4 protein chains.
Amino acid sequence: LFDFVAGGADDEVTVTTNRTAFASLSLRPRMASEYMKPNLATSVVGQAISIPVLTAPCGFLRIVHPDGEAGVARAAAAEGSVSIVSAMAATSLEDVAAATPADARPWFQLYALGGIAGADQLVDRARSAGYRALVITVDTPVPGNRERDVRNAIPMPLSVNLSSAVRLGPSMLAHPRWLYRFIRDGMPTKLPNTLGLAIDGARITQEHATRLMVTDPPAWPAIERIRRRWGGPFLVKGVLTAEDARRCLDIGADGIVVSNHGGRQLDSVAATIDALPEVVDAVDGRADVLLDGGVERGTDVIKAVALGAKAVLIGRAHVWGLAVAGERGVSEVLRILRDELVRDLRLMGHPDITTIDRSAVQLRSDGPHRSNP
Amino acid sequence: LFDFVAGGADDEVTVTTNRTAFASLSLRPRMASEYMKPNLATSVVGQAISIPVLTAPCGFLRIVHPDGEAGVARAAAAEGSVSIVSAMAATSLEDVAAATPADARPWFQLYALGGIAGADQLVDRARSAGYRALVITVDTPVPGNRERDVRNAIPMPLSVNLSSAVRLGPSMLAHPRWLYRFIRDGMPTKLPNTLGLAIDGARITQEHATRLMVTDPPAWPAIERIRRRWGGPFLVKGVLTAEDARRCLDIGADGIVVSNHGGRQLDSVAATIDALPEVVDAVDGRADVLLDGGVERGTDVIKAVALGAKAVLIGRAHVWGLAVAGERGVSEVLRILRDELVRDLRLMGHPDITTIDRSAVQLRSDGPHRSNP
Amino acid sequence: LFDFVAGGADDEVTVTTNRTAFASLSLRPRMASEYMKPNLATSVVGQAISIPVLTAPCGFLRIVHPDGEAGVARAAAAEGSVSIVSAMAATSLEDVAAATPADARPWFQLYALGGIAGADQLVDRARSAGYRALVITVDTPVPGNRERDVRNAIPMPLSVNLSSAVRLGPSMLAHPRWLYRFIRDGMPTKLPNTLGLAIDGARITQEHATRLMVTDPPAWPAIERIRRRWGGPFLVKGVLTAEDARRCLDIGADGIVVSNHGGRQLDSVAATIDALPEVVDAVDGRADVLLDGGVERGTDVIKAVALGAKAVLIGRAHVWGLAVAGERGVSEVLRILRDELVRDLRLMGHPDITTIDRSAVQLRSDGPHRSNP
Amino acid sequence: LFDFVAGGADDEVTVTTNRTAFASLSLRPRMASEYMKPNLATSVVGQAISIPVLTAPCGFLRIVHPDGEAGVARAAAAEGSVSIVSAMAATSLEDVAAATPADARPWFQLYALGGIAGADQLVDRARSAGYRALVITVDTPVPGNRERDVRNAIPMPLSVNLSSAVRLGPSMLAHPRWLYRFIRDGMPTKLPNTLGLAIDGARITQEHATRLMVTDPPAWPAIERIRRRWGGPFLVKGVLTAEDARRCLDIGADGIVVSNHGGRQLDSVAATIDALPEVVDAVDGRADVLLDGGVERGTDVIKAVALGAKAVLIGRAHVWGLAVAGERGVSEVLRILRDELVRDLRLMGHPDITTIDRSAVQLRSDGPHRSNP
């Protein structure tokens, strides 16, 4: 299970560069600015958030903790963030929505997998359940080649037994950052014995039977029709080029999520922070741009915003929190990032996330941080 | 034996950069394109192949498995690929050709080693045996300095006894990628006990006695004469510069294989993917360009094609397959690459290998991917 | 305690690049110049120093050795250097000043922490105690995120017990450079048993009660007022950009310390040697520029001076010396650097630190050593 | 003793980059050229050598093997190379010269250390003893900071006892390249028990008493006078910049050795292969340029010659040979390099070392291989 969360496609080149590209970009802080209470609140596709960090859609979350998708959605709502609920959730979309307050419903994510009929059905159910935005993921016409899962013989559709699940605990030691604060707060760092038992493999299988019947994933015209059927705020997730960013604008997207699926789909594509400027330049303010992939630190968020993102998505980070302490663990991860962002904005001398711009980072002349070609 | 296959010349700088240069080149996928069944079929020097991957000529293949060169040729033919049979084969060229269907004969590779008389004799034999193209390797006026072989005291001409051969099995664990799928399919991962016994060292020695008598390897005029004697599709393998690419055009080559011999000849030459654009620019469409060296992934194939190659050659990859499961292992390696290419083309949103161009990759401004000087 | 000294913020990216950026910059020595006794003497903000190396302000130094801040100040004075005494000292500022000769008083460092009233009080006390310059640190509106301290559960305000303190000894073996000479000179390399007992945790707590009451750290106008109240030589520490360098000039600073707080505040800012040219260009001779961060070698000092610094600050280096042998250890560290500088200037063929310029280093065309943007 | 040979100054940054800079420079081989017997013969300062590799001056060679400097000189003469005998030799310069044939006398190297009177005396003795060229080393106004020697408490002047000397054997395993061929040839890889006993420490001390009395090392005017007193071919060793290259031309040097003393003097200067083009451009054919530092392979020699060097010096390489098998080991190292050069020139398709030019290497656009500034 640790490998299922941490791993990526092929040789995991992109998993690695998603992180190293952030590290090679320098921040340019300004000192001794007038004190101003740091502001993290911003908006994405017209919706207010109190922190520029959303939780990315991740499938099958109940395999790491019984709180699953509902726990993530509740934690995100409570922290002023937004949970983007995966169409691959191990909980029905209605149950996830119902777990959140009426004024803080999650967003719904639709895989390009699923066929048009399935997509229409899910769009209608999501609208009825009160989801506030629709995110269509376009980088998964087929699943990526995740060799860790092949080696571990992870079954698809996912099911899991207790003996493998409990091994996540020690593996988490490889990510001490997300653990130290839990430890300090006295949170459990061993998984509960009941983990995994809560998953009803049969139900997951049935639930997804209709969703996973792929005939052909929607292309741009079909995506535009889905947008019209949805009617509300609409984002496209999985864009890495200026060309695709322009397609998103053409079909009327309100938001574009620069994402390489956490390095889990096509390996050896650009790091998200390296692809961001090209997309931002192409969009030129006509839609909100978000970044998804490699974000672990408050400084990563600032760099993404400096290069033109309105907000970022975290993925593995909140899954680690969920695995360790369920909903409470997800809240803790968001609070860690909030604390880091507050501190980092103070240290940047620019305590308003909404006005950070490119002067906050040092672009290197050898330029992986490329402009529109 | 593991070292004989995996190793390279001197400090193996080029063995390493052949891989890292691929990793440092980013793909630029386009999303949500209209579904189209991915097409891998293309042609090289006018001959159709169903996958843009050929098996490179490798000498003495029976030392890793009794199926040897004939097994490779059968597997390649069955998979719609082409086997380029080495002049250093441990099986006679007639036997290898006879192992394949009449409409899917392999190509024959001639070392620049061998003297003119020997070359003429081999060319005539290859034509008679039905080989469909001739590849002359020009980067081996002398053997490279492979120190692993010196340390392991590999005898030349090669002979091998069982006790050293059976040690290949565990060494393969260092290349789990080629193993995991075999394991899944229930293939044997230990070499059969009979391995090595099938090799008749004396015969290899005799067989090569005439071929290896080097007086002077053919220079360009002699190569041109060989091409004329051959009469059919003709490729030159081992080119790394624009200057040599122009020589190939001058003598009428139909194809040029950008190759550094897998890092086994002159160490510290450019990675093949870095040398490719210079050759492609110089050729300017007047011949087919292939790439040989460092290819392990479907994404590597796409990058090579994006930079102008019509197809690529694999070397060590199919030898690992042969070592583990003979002909069946070679087929499996080709099928792995085919599966990856189908998946990767879908993920690229450009499901036709024949129309991929430079817009599919991100050239870095600090440019190891150099243009024609 | 080792972690408290050695560690940095977040992922310690800047701790690392502070060192690697020095290593990637090449010196250009000139040979066979006329012999001249190497001159290390220079001046900073009008004050003579016999070596272009000052000891940076470090808080709570008595936790590593009972000699603490007074020991550092005495050693610096004896070696012709200057100690910049931290407002976070574990000894009163009057006691530290009194430990030095009247003509070699230290400089006083004021954190931007502390509130205006506290700052005024400290400024007046520092003037009365004879401090010769005031350094205001502007990169600490809030403390950095030092996760080693969180994991080690370092209490704030700092207190320490013997059992943890004595563990510094073996940890020092990770920094053999600062040990080998001590060993040669027969210095103790195990900490004395009394270490840590000398620290009166309660007193530290009380001492800092007023200083640490942060309302809001001073912004530029307040800093200018502090400079006027002080009246003497005035430096701003913690500048990384041309923009802030110009602010320093605007408020009349005599000196600017390019510093990233040893990578202990905002992580992933530029290495100090990479940020230096931008600041030097902006200052254009109107103030003295110093560099603080990553300095461990005489060659580092020469590179910093070559790129426009008048002098550098060391931090961890002298703390290791203090930990091992108290005041005598600090002197030894300064002597090591003096010996290296004398040797390195001879080897540079330019034996006067005051006339080294940019021709002494090789700027790379891919340019982390950036100019004013 | 292993550390004494292998080590460098400070953090050994330059020891490392001397090698990595070679590795990052790519060769551009041309294929299928007409066969020509590879020619390694060239000339330096008008003297013929049969291989473009000289043995660099290394001090105290009898500490690694009783054959010492005389053994190196005999081996170099026998192999058609030239030994540059160090003024720090543990054998008198007359004895070393007498060990060689009259028509293959070594060159003599004078340290900038030594004072003018001592220099004059040595120059006269060297001329009388038949040395054929004089090399003055200008990068050693003071010894470098070799911390391995400090830690190992290597005494100066050097003396050694058997117990430490015999430990060189196993250490050599860290350099298997120079061992494998010895092993194949049945050479001893354990040092003889008598090693070290042959060294008469007292005599070394006395011998060097006059040489090492440094008053001031010669500057350019003194070097010019030494050149005039010598009268014969004259080289300056230790140049890294265009400025110093021009000084060498001004004083009438016949040859210039680009050298950083194997990374043993000033650390963090440029790798020799990176500094070479700047010097070659400045010299513009008016003197012979040699390269010393980091050479271990035939390909390194070709790269150096391609960038303008007439020949290279090896240092540690032949000392390893001497340590293992005395004079015979030095010959073996030279033969390994000769074999590599013959093979590499064939593989380059340019079998004449005297006509290799810059088209043989790929200069990178991010350019550590800088031109004259």
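The values are calculated or read from the model by the stated rules, or taken from the named source; none is laboratory data. Not measured: the values here are computed from a predicted model. Methodologically, a virtual Cβ is constructed for each residue, glycine included, from the backbone with ideal geometry; neighbour enumeration extends over all protein chains shown. Surface areas here come from the heavy atoms of the whole protein model, side chains and all, with no ligands, DNA or RNA. Shrake-Rupley method; radii C 1.70, N 1.55, O 1.52, S 1.80 Å.
Here residue D:307 passes the criteria (1) closer than 21 Å to residue D:86 by Cβ; (2) touching a Pro at 6+ places or on another chain (Cβ under 6 Å) except the one numbered (1). For the range B:15-31, the set of residues classified as more than 18 Å from residue A:17 (Cβ to Cβ) and assigned to a loop (DSSP other than H, G, I, E, B) consists of B:30, B:31, listed by residue number. The residues of the range D:265-306 that are within 12 Å of chain C (Cβ to nearest Cβ), touching a helix residue (DSSP H, G or I) at 6+ places or on another chain (Cβ under 8 Å) and not acidic (Asp, Glu), listed by number, are D:265, D:266, D:268, D:269, D:270, D:271, D:272, D:279.
Kindly indicate whether residue D:316 is within 13 Å of another protein chain (Cβ to nearest Cβ) and of a type outside the set (S, T, N, Q). When the stated conditions are applied, residue D:316 does not pass them.
Specify the residue that is farthest from the chain's Cα centre (by Cα); the eligible residues are those in the range B:265-285 that are of a type in the set (Asp, Glu) and not in a helix (DSSP H, G or I). The extreme case among them is B:284. Residue A:360 is checked against (1) open to solvent by 20 Å² or more (accessible area, probe 1.4 Å); (2) at pLDDT 95 or above and fails just one. What number does that condition carry? Status for residue A:360: all satisfied but (1).
The lone criterion from (1) more than 14 Å from chain B (Cβ to nearest Cβ); (2) in a loop (DSSP other than H, G, I, E, B) left unmet by residue D:350 is number (1). Scanning the range B:293-306 for residues that are open to solvent by less than 10 Å² (accessible area, probe 1.4 Å) and charged (D, E, K, R) turns up B:297, B:300, B:303. For the range C:19-42, a tally of residues being open to solvent by less than 40 Å² (accessible area, probe 1.4 Å) and closer than 23 Å to residue C:85 by Cα returns 2. Taken together, the criteria place residue D:66 among residues that are out of contact with any strand residue (DSSP E or B) (no Cβ under 7 Å at 6 or more places or on another chain), surrounded by fewer than 23 Cβ atoms within 10 Å (Cβ to Cβ) and more than 30 Å from residue B:12 (Cα to Cα).
Is there a residue being over 20 Å from residue D:249 (Cα atoms) and either open to solvent by 10 Å² or more (accessible area, probe 1.4 Å) or in contact (Cβ under 8 Å) with a residue 60 or more places away in the chain (or both) anywhere in the range D:275-292? Checked against the condition, which is being over 20 Å from residue D:249 (Cα atoms) and either open to solvent by 10 Å² or more (accessible area, probe 1.4 Å) or in contact (Cβ under 8 Å) with a residue 60 or more places away in the chain (or both), the range D:275-292 yields no hits at all.
Here residue D:310 clears all of (1) at pLDDT 95 or above; (2) within 10 Å of chain B (Cβ to nearest Cβ) except the condition numbered (2). In this structure, residue C:240 does not satisfy being within 30 Å of residue A:19 (Cα to Cα), away from every other protein chain (no Cβ under 14 Å) and either buried (at least 24 other Cβ atoms within 10 Å of the Cβ) or at pLDDT 95 or above (or both). Scan the range A:101-113 for residues that are open to solvent by 10 Å² or more (accessible area, probe 1.4 Å) and either in a loop (DSSP other than H, G, I, E, B) or among the polar types (S, T, N, Q) (or both) and the total you get is 3.
Among the residues making up the range B:32-64, those that are touching a residue at least 60 places away in the same chain (Cβ under 8 Å) and part of a strand (DSSP E or B) are B:39, B:42, B:43, B:44, B:47, B:49, B:53, B:54, B:55. Checked against (1) within 14 Å of chain B (Cβ to nearest Cβ); (2) in contact with a strand residue (DSSP E or B) (Cβ under 7 Å, 6 or more places away or on another chain), residue D:52 passes all but a single condition, namely (1).
Of all residues in the range D:33-76, exactly one satisfies the criterion of being polar (S, T, N, Q) and at pLDDT below 95, namely D:33. Only one of the numbered conditions (1) touching a residue at least 40 places away in the same chain (Cβ under 8 Å); (2) buried (at least 24 other Cβ atoms within 10 Å of the Cβ) is violated by residue D:351, and that is (2).
Of the residues making up the range A:115-131, not one is assigned to a helix (DSSP H, G or I), at positive phi and open to solvent by 10 Å² or more (accessible area, probe 1.4 Å). Determine if the range B:85-95 includes at least one residue that is modelled with pLDDT under 95, more than 30 Å from residue D:297 (Cα to Cα), open to solvent by less than 40 Å² (accessible area, probe 1.4 Å) and in a helix (DSSP H, G or I). Checked against the condition, which is being modelled with pLDDT under 95, more than 30 Å from residue D:297 (Cα to Cα), open to solvent by less than 40 Å² (accessible area, probe 1.4 Å) and in a helix (DSSP H, G or I), the range B:85-95 yields at least one hit.
Working only within the range D:1-49, note down all residues that are within 14 Å of another protein chain (Cβ to nearest Cβ) and of a type in the set (Gly, Ala, Ser).
Across the range D:1-49, the qualifying residues are D:7, D:8, D:9, D:21, D:23, D:24, D:26, D:32, D:33.
If I filter the range C:325-337 for residues that are of a type in the set (D, E, K, R) and open to solvent by less than 40 Å² (accessible area, probe 1.4 Å), do I get at least one hit? Looking for residues that are of a type in the set (D, E, K, R) and open to solvent by less than 40 Å² (accessible area, probe 1.4 Å), one finds at least one in the range C:325-337, hence yes. Residues in the range B:26-50 that are over 19 Å from residue B:343 (Cβ atoms), among the aliphatic types (A, V, I, L, M) and touching a helix residue (DSSP H, G or I) at 6+ places or on another chain (Cβ under 9 Å): how many? Residues in the range B:26-50 being over 19 Å from residue B:343 (Cβ atoms), among the aliphatic types (A, V, I, L, M) and touching a helix residue (DSSP H, G or I) at 6+ places or on another chain (Cβ under 9 Å): 0 in total. Looking only at the range D:265-303, residues that are of a type in the set (Ser, Thr, Tyr) and closer than 30 Å to residue C:340 by Cα come to 2 in all.
Among the residues of the range D:218-237, how many are more than 7 Å from chain C (Cβ to nearest Cβ) and open to solvent by less than 10 Å² (accessible area, probe 1.4 Å)?
5
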